[in-house]
Amino acid sequence: MPRESQIPIASQETSPKEAPRRFATRLALFYGTMFGMVGTHLPFFTVWLKAVGIDAFWIGIITAVPPVTRFTVLPFVTALAEKRHALRGAIVVTAFATALGFSILGTQHLPILIFLAYAVTCCLWTPMVPLTDAYALRGVAHYGLNYGPLRLWGSAAFVVGALACGMLVDIVAARHLIWIIVWTAVLGAIASLGLQPLDRPKTPSATVHGAGALLRDPGFIAIIVVSALTQGSHAAYYTFASITWQAFGMGGLTIAGLWVLGVLAEIVVFALSPRFTLAPAMLVVIGALSAVVRWLITAQEPSVAVLSVVQLAHGLTYGLTQVGTMSLLVRHVPIHMMARGQGYLAACGGIVTSAASIVSGMVYAGYGQRVYYAMAAMALIAAIVMWLARGRLAHQPHKAASGG
């Protein structure tokens, strides 16, 4: 991966006010294309799998691949990018590799070949989000920006991608949905070229020891474990919601609309996040408790009307948890180790989510919607852990992990 340019972003031709605006605009565009692809992939990838003849057991195994790569390959990619000061270069490489990988995936129809092609693709696709978040948080720290308003463009693009795919699923045969995912991945690769290089962050002399200290810091461990449990409790929803709703007789546009309701609530949370006054740890607790309520209601096989209201809780279960987690990381992880911190966060999330996805596949096959009881239990544990750790996170920022 190429090294980051050390030329300052604000050149002689760029005013001090223009540099942050340009950074924010290009990052928002890339967030949009990256999550626009997620908007086509997340609700309808499993529908495509079913359309090409993949059974529920294999769907559970295949959808467990991304979280598995998060705790196997992803930490090495983020660590390498940070070591070589190449966040932007790593994002560009992974974006183009993702587009190529999904193009190859679309030509496969046998379970084992889909599994293998998807596994290879995910090795470079899953690092994109933590790399981009690390890049974004460096820009946030450098320019004094807010993470939420930047990230909301990704959620907005998710809405567009999901709605577009939802309309097309009633027109285009389900076995061709993969090509919509491919084209959004291509747009993301092109948009990655517009990301600006960032100055290399100042690195304290104790950096080598600091990286290992992250995993010895109880506060940091609490952050990544709680995030993993709360976000991982969405595993059954991400894997089987669209399949279940389709089985209930809902059309593609209705399914997309339900996904969109959740993401619209998420966008509102991101937009309002600069005004939040609660401590980040409390935001995470609220997000986890909201997940408990959400999954308990979802387990009851609610009507479309009730489900529409429940979907709005996604703004809290995902959006508020994400805002709180990123705020905790900014306070607790030194900026020169942010990529590694994001890698550890994604790795922990990968372990939890992969296990939850596999278990969800087995439980759903036998018990259907009751799989959400297990998801509610995960979220409850997360709320308890963060509540117990809130004092440490409030009073001991950058303790063991600071490296100087």
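The values are calculated or read from the model by the stated rules, or taken from the named source; none is laboratory data. For clarity, every value in this text was computed on a predicted model and none was experimentally measured. For neighbour counting, all protein chains shown are included, and Cβ atoms are generated from backbone atoms with ideal geometry for every residue, glycine included. Accessible surface is based on the protein model in full, side chains and every heavy atom, while ligands, DNA and RNA are left aside. Shrake-Rupley method; radii C 1.70, N 1.55, O 1.52, S 1.80 Å.
Could you give the distance between the Cα centres of the range 174-189 and the range 78-111, to the whole Å?
Cα centroid of the range 174-189 versus Cα centroid of the range 78-111: 15 Å apart.
Enter the accessible area per residue of the range 267-346 (Å², integer; probe 1.4 Å; all protein chains in place). Provide the component values of the computation, followed by the final result.
On the way: 2880 Å² over 80 residues.
Using a 1.4 Å probe on heavy atoms only, each residue of the range 267-346 averages 36 Å².
Leaving out ligands, DNA and RNA, and with a 1.4 Å probe, what % of the accessible surface on the range 24-156 is carbon or sulfur? Don't jump to the answer; show the numbers that get you there.
Numbers: 3290 of 4500 Å².
Of the solvent-accessible surface of the range 24-156, carbon and sulfur hold 73 percent.
Using only the heavy atoms of the protein chains and a 1.4 Å probe, how would ASP55, ASP217 rank by accessible area, largest first?
Working: ASP55 85, ASP217 5 Å².
Largest accessible area first, the list is ASP55, ASP217.
As an exercise, use a Förster radius of 25 Å and the Cβ-Cβ distance of LEU215 and TRP179 to find the FRET efficiency, rounded to the nearest 0.05.
Numbers: r = 41 Å, r/R0 = 1.65.
In this case the efficiency is close to 0.05.
Mean residue ellipticity at 222 nm from the helices of the chain, using -39,500 (n - 2.57) per DSSP H segment of n ≥ 4 over the full residue count, to the nearest 500 deg cm²/dmol? Could the numbers behind the result be given before it?
Details: 18 runs with 299 residues, N = 404.
It comes out at -24500 deg cm²/dmol, rounded to the nearest 500.
For the chain, what relative contact order do you get, as a whole percent, if you take Cα pairs closer than 8 Å and at least 6 residues apart? List each step's numbers first, then the result.
Working: 694 pairs, mean separation 117.8, N = 404.
Relative contact order comes out at 29 percent.
Calculate one ³J(HN,Hα) per residue across the range 20-30 by plugging θ = phi - 60° into the Karplus curve 6.51 cos²θ - 1.76 cosθ + 1.60, and present them in order as whole Hz with x for glycine and proline.
My calculation for the range 20-30 gives x, 5, 5, 4, 5, 5, 5, 5, 4, 5, 5 Hz in order.
For the range 35-167, what is the accessible area per residue in Å² when the probe is 1.4 Å?
Working: 4490 Å² over 133 residues.
Per residue, the range 35-167 has 34 Å² of solvent-accessible surface.
Could you give each residue of the range 122-131 its phi-based ³J(HN,Hα) in whole Hz, using Karplus coefficients 6.51, -1.76, 1.60 with θ = phi - 60°, and x for Gly or Pro?
Computed from phi, the couplings for the range 122-131 are 5, 4, 10, 7, 4, x, 4, 5, x, 5 Hz.
With θ set to phi - 60°, apply the Karplus curve 6.51 cos²θ - 1.76 cosθ + 1.60 along the range 56-72 and write out the HN-Hα couplings as whole Hz, x wherever there is a Gly or Pro.
Once θ is set to phi - 60°, the couplings for the range 56-72 become 4, 4, 5, 4, x, 5, 5, 6, 7, 4, x, x, 5, 5, 5, 10, 10 Hz.
Ranked highest first by average number of other Cβ atoms within 10 Å, how do 314-323, 298-307, 79-88 line up? Don't skip to the answer; put the middle values down first.
Values: 314-323: 25.9, 298-307: 14.4, 79-88: 19.9.
Ranked from most to least packed, the peptides come out as 314-323, 79-88, 298-307.
Ignoring any ligand, DNA or RNA, what whole percent of the accessible area of the range 176-317 comes from carbon and sulfur when the probe is 1.4 angstrom?
Working: 4050 of 5600 Å².
Result for the range 176-317: 72 percent of the exposed heavy-atom area is carbon or sulfur.
With just the Cα atoms defining each centre, how far is the range 329-377 from the range 262-298? Give it in Å.
Their Cα centres are 17 Å away from one another.
Suppose each label sits 7 Å from its Cα in the direction of the beta carbon; what would the ALA79-HIS109 distance come out to in nanometres?
4.2 nm
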